[in-house]
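Okay, structure first, notes after.
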Amino acid sequence: QVQLVEFGGGLVQAGGSLRLSCAASGRSISYYSMGWFRQAPGKEREFVAAIRWSDRNTYYADSVKGRFTISRDDAKNTVYLEMISLKLEDTAVYYCAKLNGSWGATMLYEYDYWGQGTQVTVSS
């Protein structure tokens with residue numbers, strides 16, 4: 001089993017930046033592709049970004065492309081989400097998850113282990 005814990009969320013002004021971390025324990029994530037999702041109040045959880053284990057290939061939701069960067073440090077068993085130029089609509093609880101499906105997956109059911117989430121609030 002893999003346990004995932006996100007941290008780094010907080011309150012930031014629009015235009016600001018934050019870096020989220022997702023620390024894994026229980027087993028190494030070196031051979032797993034990982035993703036980030038988010039859930040805004042009253043909305044469904046949505047895909048944000050993913051990174052492949054083998055070649056660090058990445059893909060992003062259109063809404064964050066060019067502003068968010070997913071990365072990983074397998075030596076630290078940690079995945080990161082660097083967020084810049086934050087907008088009010090980025091306010092959400094952010095979750096990391098382990099991909100269990102095919103590369104390119106964006107649906108929740110294709111990810112099998114989830115963290116508890118970290119709150120990101122963007123203010124005007």
*Could you give me the residue pairs with C-beta distances under 7 Å whose first residue belongs to the range 42-61 and is free of Cβ contacts under 8 Å to residues at least 40 places away in the same chain and open to solvent by less than 40 Å² (accessible area, probe 1.4 Å), whose second residue is part of a strand (DSSP E or B) and of a type in the set (A, V, I, L, M, F, W, C) wherever it lies, and which are 6+ apart or on separate chains?*
Ala49/Trp36; Ala49/Phe68; Ala49/Ile70; Ala49/Leu81; Ile51/Met34; Ile51/Ile70; Ile51/Val79
*Restricting attention to the range 76-124, which residues are closer than 12 Å to Ala23 by Cα and open to solvent by 40 Å² or more (accessible area, probe 1.4 Å)?*
Lys76, Trp114, Gln116
*asked:* Filter the range 75-115 down to the residues that are assigned to a loop (DSSP other than H, G, I, E, B), aromatic (Phe, Trp, Tyr) and modelled with pLDDT of 95 or more and list them by number.
replied: none
*Arg38 versus (1) within 13 Å of the chain's Cα centre (by Cα); (2) open to solvent by 70 Å² or more (accessible area, probe 1.4 Å): which is the lone unmet condition?*
(2)
*Picking from Thr121, Thr91, which residue would you name as being polar (S, T, N, Q) and within 14 Å of the chain's Cα centre (by Cα)?*
Thr91
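The values are calculated or read from the model by the stated rules, or taken from the named source; none is laboratory data. None of the values given here were measured: they were computed from a predicted structure. Glycine gets a Cβ as well: all are built from the backbone with ideal geometry, and neighbour counts include every protein chain shown. Keep in mind that these areas ignore ligands, DNA and RNA; they rest on the heavy atoms of the full protein, side chains included. Shrake-Rupley method; radii C 1.70, N 1.55, O 1.52, S 1.80 Å.
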